[in-house]
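Structure first, commentary second.
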Amino acid sequence: MDSGKRTVFKIAITGTLAMVFLGMVLVSKAPAGCGSSEGSKPGAIQPQSWQGPARFSPVSFVLVADDERSDDGIVGFWNVKFVSEPDGMVIDHGFAQWHRDGTEIMNSARPAASSNFCLGVWKKTGAFRYTLNHLALSSDPSTDTLIGPAQIREDVVLDPDADTYAGTFTIDQYSLSGHLLAHIEGKVTAIRITVNTPVADVL
């Protein structure tokens with residue numbers, strides 16, 4: 001091989017080795033999020049680049065409901081009853097669902113024409129303690145006219161077994177102009193409804 005060909009050959013080899021070395025450096029510094037799957041199982045999720053160097057250990061999704069840190073025991077389906085004080089009269093009962101996203105909905109025993117659904121938001125205020133704020137739009141069923149917004153507030157304590165809760169409530173009925181028309185307060189109690197709860201238990 002003449003000297004010219006040897007020079008070209010050396011240049012080609014040197015360039016190839018440089019490119020291989022550069023590629024190895026770049027791969028070693030690449031974020032782990034979408035990079036090598038070496039040492040991982042198919043479908044495993046690798047740590048993202050902001051989590052530090054990849055350890056290539058499999059990671060799986062965890063449902064919030066299965067997270068041991070979750071303490072939202074109030075979440076679920078409930079049979080609720082409202083008893084006014086001091087007269088002890090049952091003024092309402094129905095079904096309520098407390099959702100994990102901090103919202104709530106109740107299907108009241110009030111006549112449907114008077115608006116028997118109310119929507120609420122809740123938050124945890126302490127160990128087994130929760131506060132709830134519902135709003136509803138009340139109507140006069142005899143005239144089918146809107147009366148105004150009603151606000152129902154609850155402060156409840158969940159039983160440690162998470163099967164019942166009890167606490168206090170207030171109901172304030174307002175006119176469309178915001179004038180307070182009625183105020184009721186009393187005790188609220190609830191029993192959890194499960195997939196095995198018979199109808200007889202909610203009557």
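Some values worked out for this structure:
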{"quantity": "In segment 162-199, the residues that are farther than 23 Å from SER138 by Cα, part of a loop (DSSP other than H, G, I, E, B) and not polar (S, T, N, Q)", "calculated": "ALA162, ASP163, VAL195, PRO198"}
{"quantity": "Elements of type strands (runs of 3 or more DSSP E) in segment 51-155, at least 3 residues being modelled with pLDDT of 95 or more and on the phi > 0 side of the Ramachandran plot", "calculated": "none"}
{"quantity": "For ALA162: the one exception among (1) in contact with a Cys (Cβ under 6 Å, 6 or more places away or on another chain); (2) on the phi > 0 side of the Ramachandran plot", "calculated": "(1)"}
{"quantity": "Residue list for segment 86-116, restricted to those being within 19 Å of the chain's Cα centre (by Cα), within 30 Å of ASP144 (Cα to Cα) and of a type in the set (Asp, Glu)", "calculated": "GLU104"}
{"quantity": "Test: GLY120 is more than 15 Å from ALA166 (Cβ to Cβ), crowded, with 18+ Cβ neighbours inside 10 Å and assigned by TED's automatic domain parsing to the domain that holds GLN173", "calculated": "yes"}
{"quantity": "Qualifying residue in segment 174-181 (condition: within 31 Å of the chain's Cα centre (by Cα), modelled with pLDDT of 95 or more and either β-branched (Val, Ile, Thr) or in the same structural domain as LYS81 (by TED's automatic domain parsing) (or both))", "calculated": "yes"}
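The values are calculated or read from the model by the stated rules, or taken from the named source; none is laboratory data. Small disclaimer: the values here were computed from a predicted structure and weren't measured. Backbone-built Cβ (ideal geometry, glycine too); neighbour counts: all protein chains shown.
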